[in-house]
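Read the structure below first, then the notes.
The values are calculated or read from the model by the stated rules, or taken from the named source; none is laboratory data. Source: prediction; values computed, not measured. Glycine gets a Cβ as well: all are built from the backbone with ideal geometry, and neighbour counts include every protein chain shown.
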Amino acid sequence: MTLTAREEDTFPFFQDYIFAKSAIVLTEEKRYLVETRLAPVVQQANLSCLGDLMRALLRGDRQLETAVVDAMTTNETSWFRDKSPFEALRDHVLAERMTANSGRRALSIWSAACSTGQEPYSVAMILEAHFPELSFWNVEILATDLAAGALARARQGRFSALEINRGLPAAHLLQYFSREGAHFQINDSLKRRVLFQQLNLAQTWPVIPPQDVILLRNVLIYFDAPTRQRVLAGVRANLRPGGFLLLGAAETTRELVGGFVPISVAGTTVYQLKEN
Amino acid sequence: MRALVVDDSRAMRALLTNILQSIGAEVTQAKDGCDALARLRSADRLPDLMLVDWHMPEMDGLELIKQVRKDPAWKPMTVMMVTTESEQENMVRALLAGADEYLIKPFTRDAVLEKLNLLGVHVPEQALAALTGG
Amino acid sequence: MPLIEHISPATIEEIASQLWASLVPAEGVLLPSAYAVERLRRAGEPITAAVSITGSCDGTVELCCPRSLARSIAASMFCVAESDLDEASITDAVGELANIVGGNVKSLLPPPTALSIPVVTTARAAGDDGTAAGCVVGFDLLGEPVLVLVRDASLAPA
């Protein structure tokens, strides 16, 4: 690719810039990632190289800032990602929270790094398919992400065939989507269940109502240790006693702040905040 | 795991075969529905999984799935349609014919493994854990 | 009904970029390119794969690229070294690409429609200079040009 700056090394700048904006840590071996992900940004902005992009960012170009943050956040996601956490949700977590909340008839679930929406919509599909009794409850699915572009797509609920292919059972595709041109549009009944909002986990959080379930999947891996600890402390503060935290398959729990009890269910581990 | 890949394109058969072999499957190939039926009849052990293209000469994938589902001995086999046909009516036709899942071309390797995981076909943990992209 | 009413350059871009995202490693980003026609003209031997659509709309979907690019795409599909590829494998691979693009275009058209098996030639796609009656979209993949043409049979050639 010709977009790689030969004369000037822009990588250290992008390392610092992306950490400042998103707390994402890019080690030396992620150099290629900066080059491949930012090449389309350079092209779309009619710039000639990463050096030009760097100078535009230094001038404070907000539009490019959003484009760069969006490009550098990993929007790798799929429906019912890893399958087992969603089975745990269906078979254990939701039932337990429904018992706990049966008096209030309210349930709140937060997908804290929702990317283009597959995770919160998968949760919404589980609620709709397996918990018809919840239609008489006040159920809120909050879905947040750092990347404005990903969130805009999530809100739209329009997915390409390539995205639809990723882990969505064909029966669900037929039930919850309709075809619009080259895309598949998620039904309004599911769209209405999810509230999308931009949130940078690495910065100060807005006021979030207490949650019964928090999905914080495949996001801690991009942060350094102090950021991870801050985020986990925030999760704990926003979870109801007895509420559940679901992490990504590859994420370890050594840094999990006290108070969580690991529970093995459906071949995965979920973390329940102890009742006080 | 044993798999049968049915597609009239050699390149597509190779692509799917490589993905399946990467998770330890033993793969045989067939170039159309007739070829697949012949291979199933002469196989000493039934494949666990069959991936089927829709449009093929001789016998198409839809007809193949109907034929396969007529024989109770072949019932345990998991069948996934893999095709460029992405109209929802066609998905319904494939599922009614007896397909267990449906994958639209083009697809990524991750998509194949995720569908197999959905179908309860054993995918090694390592391969699943590697589905992080990035 | 004119086929082209259902197809826009944006849909072709989307179909093609999905195809490439599925086939080539992350480094090979397919970018729209206004220079693809000119680059293809200057590049070495071309290869063109075509599928025709018949039914409610009639037309063809063609994919044209330099042979060198076809060879590396085939190598990635067959998962072998480029030097181990025979001609038939390259033809088969490019034919399947046209089949996938054609199948995706077909799914945007009102039923009933049918897709032919791909025909692969070593010629440049006719009308690749923009005179084709339909929609021509150029791309750049790893520095090499790729053209996707959707030709509408109901329109008279210019």
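Total residues in the range B:1-60 satisfying the condition of being within 14 Å of chain C (Cβ to nearest Cβ), part of a helix (DSSP H, G or I) and not hydrophobic (A, V, I, L, M, F, W, C): the figure is 6. Residue check: is A:Asn165 within 14 Å of another protein chain (Cβ to nearest Cβ), out of contact with any His (no Cβ under 6 Å at 6 or more places or on another chain) and buried (at least 22 other Cβ atoms within 10 Å of the Cβ)? Yes; evaluated as a whole, the condition is true for this residue. Under 18 Å from C:Leu30 (Cα atoms) and polar (S, T, N, Q) - does that describe any residue in the range A:12-33? No, the range A:12-33 contains no residue that is under 18 Å from C:Leu30 (Cα atoms) and polar (S, T, N, Q).
Looking across the range A:179-189 at every residue that is in contact with a helix residue (DSSP H, G or I) (Cβ under 9 Å, 6 or more places away or on another chain) and modelled with pLDDT under 95, the one that is nearest to B:Arg93 (Cα to Cα) is identified as A:Arg179. Screening the candidates A:Gln185, A:Gln229, A:Gln197 for the property of being in the same structural domain as A:Met125 (by TED's automatic domain parsing) and touching a Gly at 6+ places or on another chain (Cβ under 7 Å) yields one hit, A:Gln185.
Restricting attention to the range A:239-261, does a residue exist that is in the same structural domain as A:Ala112 (by TED's automatic domain parsing), under 18 Å from the mean Cα position of the chain (by Cα), without any contact (Cβ under 8 Å) to a residue 60 or more places away in the chain and farther than 24 Å from B:Pro124 by Cβ?
yes
Against the numbered list (1) outside any loop (DSSP other than H, G, I, E, B); (2) facing another protein chain (nearest Cβ under 9 Å); (3) over 19 Å from C:Ser33 (Cα atoms), C:Leu108 comes up short only at (1). Of everything in the range A:60-86 that's part of a helix (DSSP H, G or I) and hydroxyl-bearing (Ser, Thr, Tyr), which residue is farthest from the other protein chains (Cβ to nearest Cβ)? That would be A:Thr66. For B:Glu89, the criteria (1) within 14 Å of chain C (Cβ to nearest Cβ); (2) within 18 Å of B:Arg13 (Cβ to Cβ); (3) assigned to a helix (DSSP H, G or I) hold in every case but one, which is (2).
Take A:Ser108 and tell me if it is part of a loop (DSSP other than H, G, I, E, B), buried (at least 21 other Cβ atoms within 10 Å of the Cβ) and touching a residue at least 24 places away in the same chain (Cβ under 8 Å). For A:Ser108, the condition - part of a loop (DSSP other than H, G, I, E, B), buried (at least 21 other Cβ atoms within 10 Å of the Cβ) and touching a residue at least 24 places away in the same chain (Cβ under 8 Å) - is not met. When A:Leu33, A:Leu89, A:Leu53, A:Leu57 are checked against the criterion of being closer than 30 Å to A:Leu127 by Cβ and in a helix (DSSP H, G or I), A:Leu89 stands alone in meeting it. Scan the range A:135-155 and tell me whether some residue there is surrounded by fewer than 22 Cβ atoms within 10 Å (Cβ to Cβ) and at positive phi. For the range A:135-155, residues surrounded by fewer than 22 Cβ atoms within 10 Å (Cβ to Cβ) and at positive phi: absent. Per the conditions (1) part of a helix (DSSP H, G or I); (2) closer than 25 Å to A:Arg166 by Cα; (3) touching a strand residue (DSSP E or B) at 6+ places or on another chain (Cβ under 6 Å), the sole criterion not satisfied by A:Ile141 is (1).
Of the residues contained in the range C:128-141, none is found to be within 12 Å of chain B (Cβ to nearest Cβ), outside any strand (DSSP E or B) and at positive phi. Out of the strands (runs of 3 or more DSSP E) lying entirely within the range A:170-276, which hold 2 or more residues that are of a type in the set (Gly, Ala, Ser) and more than 28 Å from A:Ser160 (Cβ to Cβ)? Qualifying strands (runs of 3 or more DSSP E): A:239-247.
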